[in-house]
Every structure is written in C-alpha cells, then in structure tokens.
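First up is the structure itself, then whatever we jot down about it.
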Amino acid sequence: MDKFKPLRMPDMGLRPDEVSALIDYLASGGPEADAKRARRIDTATPLEIEMGRVLFAGRRALAGGGASCFSCHRIGKDLGAGGTLGPDLSTVYARYQDKALGAVLTRGCFPGAVPQSVKAAVTDDELFALKAFLRSEGRNRR
C-alpha cells in the first residue's frame, strides 16, 4: 500500500466549499438518512407511535435536551392535564401535515428562546415518532 501514499485524492473539480458540503452531508448520514427522513408516516409501527407518546409526555428525555411537548401542550384530556401555555395538539397533524409539522417540531415552538446548544433537540427518530403519535391521536379523535 505504500505505493499510493504519495498520491493526492482527486477533488473531481469541486470547489473547497463543495467538498466541505459533501463531507458534511456524508457525516450527517448521506443518502441513508435522506431515505429515512422521507419515510411515510403511515408506515409507523405501534412501537414508534408509543415512543412518540413517551417523548411527548416527557417520560423519556429528548436527545438534545429540549423540553417535552407536554410541558406546554396537551392532547385533549388524555395524558393528564398537560401544559396550558401552548394550544391543545389533538388535531395538529391534520392541520399541518407531515412536512410543516416536522419543521415546527425541528425548530421548536419558541426558536428565539431556545439556547443555541439545544437547537437540534429532536433527532430524526424522535421527530418521526412524535409525528406518528400526533397523527395517531388526531385519527383517534375523529
């Protein structure tokens, strides 16, 4: 293998900022992560929906350290009283649908009030589980 060490890997004509963006893309999971993010919410398993319930209620902390949804919101009269600072989220999935709800959950309800260290408070798996739970709750209330 020593015969290849002096050779520089070709950059394929990419600018330094493009190389950096490519490295960042691959480091964030690349095409596998894109496929996971594009997964349809109606494919959620009962276990993923339950994980969303657990995250919503704060029985499991969010990976990024953000507050649970239950701190400020409620879902009808289920899950106890819930917070009253934010609106009831019983029908939030029907109102926002997948992409818009994902954007809200990703940035948080109060993006300006969230410390920079907590900006990525929701992982892709947590986001999917929360959306699946909120969709399930909305469908159960029809």
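A short reminder: the numbers here are calculations on the coordinates, not readings from a lab. Please read all numbers here as calculations on a predicted model, not as lab measurements. Cβ sites come from the backbone with ideal geometry, for glycine too, and all protein chains shown count toward neighbours.
Let's test the formula: R0 of 41 Å, r as the Cβ-Cβ distance of Glu32 and Ser71. What FRET efficiency results, to the nearest 0.05?
For R0 = 41 Å, the calculated efficiency reads 0.80.
Spin-label model, Arg39/Leu14: points 7 Å from Cα along the beta carbon direction are separated by 2.7 nm.
Of the residues Leu130, Leu22, the one with the fewest other Cβ atoms within 10 Å heads the list, and the complete ranking is Leu22, Leu130.
Can you give the net charge of the other residues whose Cβ lies under 13 Å from the Cβ of Tyr25, counting K and R as +1 and D and E as -1? Combined, the nearby Lys, Arg, Asp and Glu give -4.
Electrostatic tally near Ser68: other residues with Cβ closer than 14 Å to its Cβ, Lys and Arg +1, Asp and Glu -1, net +3. Between Thr84 and Arg107, the modelled label-to-label distance comes to 2.9 nm, taking each label 7 Å out from Cα in the direction of the beta carbon. Amide H contacts of Ile75: Leu89, each under 5 Å away and 5 or more positions distant or on a separate chain (H built 1.01 Å from N in the peptide plane; Pro and chain starts excluded).
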